[in-house]
Amino acid sequence: MTLTVQDWKKKAAAIKPETRMYIDGKFVDSVTGRKFESINPATGEVVAAVAQGNAEDVDRAVASGRKAFKSGVWSRMEPRARMDVMSRFADLIEEHAEDFAVLDTLDMGKPISDMINVDIPGSLSTIRFFAESIDKMEGVVTATNSDALHYILRQPIGVCGLVVPWNYPLMMAAWKIAPALSCGNSIILKPAEQSPLSALLLAKLFSEAGGPDGVFNVVTGFGEETGKPMALHMDVDKIGFTGSGEVGKLMLIYAGQSNMKRVTTECGGKSPQIVMADCEDLETAAATGVAGIYGNQGEVCSAGSRILVDRKLYGDYVDLFTAAAKKSVALGDPLNPDTTMGPLVTTEQQSRVLGYIDAGKSEGAKLAFGGVVPAEYNAGCYVEPTLFTDVSNKMKIAQEEIFGPVASIIPVDGYDNAIEVANDTIYGLAASIWTADLKKAHRFARDIEAGIVWVNAYEAGDATTPWGGFKQSGNGRDKCLEALTQYTQTKSVWIDLNG
Ligand code: NAD
C-alpha cells in the first residue's frame, strides 16, 4: 500500500524517538544531563531534545567497546553466528523502514520518497552484503621457505569511532557500521548533531537482533565535544569519517596528536558531468544531469555540480536541462511522497547556499533560474533549484563545494579541454561523460582524477561498487569488499618447521 501525505503526517506526529545515548547495551543520559535540540528544517519546529555528549561520555563508550572487544563475545564469535546477528539486524531495519523514513525526514528534511526508494534499500543492501562476507574473509599462506610456514591473519582492529554527516543519516551510518561490525570490531557511532535520531534506533535494533552489549555504542552531540575527543582518544584504534574536507583533515591531525590510529576519510566533491558533442541522447543526458545535481537538495558529496558541455550543443543542452528541471523537481513538504526536493538541513546551510548564489551573480555568471527562497515555503530552509550558465571554472561557484541545489554549466571545446577543466579542482570524488565513442569513454576513465566514473549515467551503483575519492575527496572506500581491509589489520605469522 502506498502511503499518502496524511498517513506520513500521522506517523510523524505519533513517533516517539529515543533521545538518550546508547552505551553498553543501555540508553543513558549524558554525564552532564545537557541536551540539544534537533530542529525540523521544513517547519522550524523542535523534533526532539537529544543527549549532548562530551569527552566523559566518549570515555564511557570507549570503555564499553573495549571491554566487549577484549571479551571476544563479538570479535571471536563464530562467523556464522555473527552472520545470523547481522542478517537479523537487516531484517529488523526493514521492518522499521517507515520509522527510519520518518526520523531522517523530520531531522534533516529529506523527501520521504527518497528514504523509501534510496536510503533504506541502500542501507539494507550494504548491511546484507557485508553480513554475507563474514565467512568469506580469508587469510593467506605465502610462498616461503619449505622449512617454514608463513601465513597472514586478518583480524579486527578493535574499537572504531565512526563519525558521519547529516545528508544521508541512516545510509552513511550503514556504510560505516556494516563493514566495521562484520569484521568483528566494537563501534562508537557519532551521528551528526543535525540528524541524531536514526542512529539511536539502529543501535537498539542491533541489540534486539542479538548483538552483544558494548559492541554498538552511540554518542550524540556536537563535533568539537564528542567527535574530537573520540578522534584524540588513546584507546580508539580507528576513525571512519564521512564529512567535510575541513574536518577530515582535522581527523588526520588528531590521529597524529594521539595514538596514530588508522583514519579513513570520505569527504566532499565538485564532480563534473561532461557532455561531449557526440552524445547520442541529449535529452537523457539533461534529465540525468538534473537528477545528478538536484537530488537530495544537492546535499550530496557526489553531486554533479559542474556540468561541462561542448560548445557545439551548449544552447540545446541548457534548454533541455531547464525543461527537465521544471518537469521533475517538485519542491515541497518532505512528508509528501510527491515531493522530490525538501528544505536544506538548517538555516545556516540555507544562508551558506544563498551566499554562493550571490557570489555567482557578482562574479558574472548568468542566473538562468532559481536563486531565491520560494515565497510559499519561507517558514522552512528552502532554496529554489538554481542554474548558473556561462560559468568559468575559475569562479568560486565552480571551485567550492556548495552542498545545495545550485548547478553551474560551463562551456568546453572538445575532449582535451573538457578533461583539463574537469581535473582543475582540489576534489576527485565522481565524474561522468556522455559520449557515443567507446574509445573516448575508456580514455576518460583513464584520464579523469576521480574515484568513481560513470559513462552515459550518473549516480549508478550498488553495494559492490567502491565509493571514495581521489585528491581532497578523501582516502577511504565505502561499500565494496575493499572496505573490509579498512576495518581489519593483518598479522604475519612465521612458524619454523626445523628440528
Ligand atoms: P562536517 O564535516 O561538518 O561533519 C561531519 C561529522 O563530523 C559530524 O558528525 C560532525 O559532528 C563531526 N565533526 C564536526 N567537527 C568536528 C571536529 N572538530 N572533530 C570531530 N568531529 C567533528 O560535515 P557535514 O556538514 O555533516 O556533511 C557534509 C559534508 O560531508 C560534505 O562536505 C559532503 O561532501 C561530505 N560527505 C561525503 C561523503 C562521501 O562519501 N565522500 C558522503 C556524504 C557526505
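Derivation of every value follows stated rules applied to the coordinates shown; laboratory data play no part. Worth saying up front: this structure is predicted, and the values here are computed from it rather than measured. Using ideal geometry, Cβ is built from the backbone for each residue, glycine included, and neighbour counts are taken over all protein chains shown.
Rounded to the nearest 500, what is the 222 nm mean residue ellipticity of the chain from helices alone, with -39500 (n - 2.57) per DSSP H run of 4+ residues and division by all residues? Spell out each step's value before the answer.
Numbers: 16 runs with 186 residues, N = 499.
Per the formula, -11500 deg cm²/dmol.
Relative to the longest principal axis of the C-alpha atoms of the chain, give the angle of the C-alpha long axis of helix 120-133, reported between 0 and 90° and rounded to the nearest 10°.
For helix 120-133, the angle is close to 40 degrees.
Contour minus end-to-end for Q399 and I15, with contour as 0.36 nm per residue of separation and end-to-end as the Cα-Cα distance? Write down the numbers at each step before the final one.
Details: separation 384, 0.36 × 384 = 138.24 nm, distance 4.11 nm.
Length gained, Q399 through I15: 134.1 nm.
I'd like the orientation of helix 97-108 relative to the chain: the angle between its Cα long axis and the longest Cα principal axis, in ° from 0 to 90, rounded to 10.
Roughly 60 degrees, rounded to the nearest 10.
Just to confirm the filter: which trypsin sites (Lys or Arg not before Pro) across the range 389-498 are DSSP coil and have at most 12 other Cβ within 10 angstrom of their Cβ?
Passing both the DSSP loop test and the Cβ count: K394.
Would you work out the relative contact order for the range 272-471, in percent, from Cα pairs under 8 angstrom that are 6 or more residues apart?
Working: 380 pairs, mean separation 51.5, N = 200.
Relative CO of the range 272-471 lands at 26 percent.
Tilt of helix 245-257 relative to the longest C-alpha principal axis of the chain, in degrees (0 to 90, nearest 10)?
Roughly 30 degrees, rounded to the nearest 10.
Give me the extension gain from A436 to A143: residue separation times 0.36 nm, minus the current Cα-Cα distance, reported in nm with one decimal. Provide the component values of the computation, followed by the final result.
Numbers: separation 293, 0.36 × 293 = 105.48 nm, distance 4.63 nm.
Stretched out fully, the A436 to A143 stretch lengthens by 100.9 nm.
How many nm is it between the label spots at V73 and R311, if each spot is 7 Å from the Cα in line with the beta carbon?
The two pseudo-label positions are separated by 6.8 nm.
Sum up the charges of everything whose Cβ sits under 14 Å from the Cβ of I452, counting Lys and Arg as +1 and Asp and Glu as -1, but leave I452 out.
Working: positive: K270, K471, R477, K479; negative: E266, E449, E459, D462, D478, E482.
Around I452, the surrounding residues sum to -2.
If the limit is 32 Å between Cα atoms, which of K270/K439; K26/K110; K11/K67 go over it? Before the final figure, lay out each step's value.
On the way: K270/K439 25 Å; K26/K110 29 Å; K11/K67 38 Å.
Going by Cα-Cα distance, K11/K67 fall outside the 32 Å limit.
I'd like the trypsin sites (Lys or Arg not before Pro) in the range 49-79 restricted to DSSP loop residues with at most 16 other Cβ atoms within 10 Å, sorted by number. Walk me through the intermediate numbers first.
Values: sites: R60, R66, K67, K70, R76; in loops: R76.
Here the trypsin sites (Lys or Arg not before Pro) that fit, given the DSSP loop and packing criteria, are R76.
Exactly which GluC sites (Glu not before Pro) in the range 1-56 are in a DSSP loop and have at most 12 other Cβ atoms within 10 Å?
Numbers: sites: E18, E37, E45, E56; in loops: E18, E45.
Loop-located and lightly packed - E45.
If a/c stays under 1.5 just call it rounded; otherwise compare a/b with b/c (prolate if a/b is bigger, oblate if not). Do that for the chain, with a ≥ b ≥ c from the square roots of the Cα gyration tensor eigenvalues.
Numbers: a/c = 1.95, a/b = 1.31, b/c = 1.48.
Verdict is oblate for the chain.
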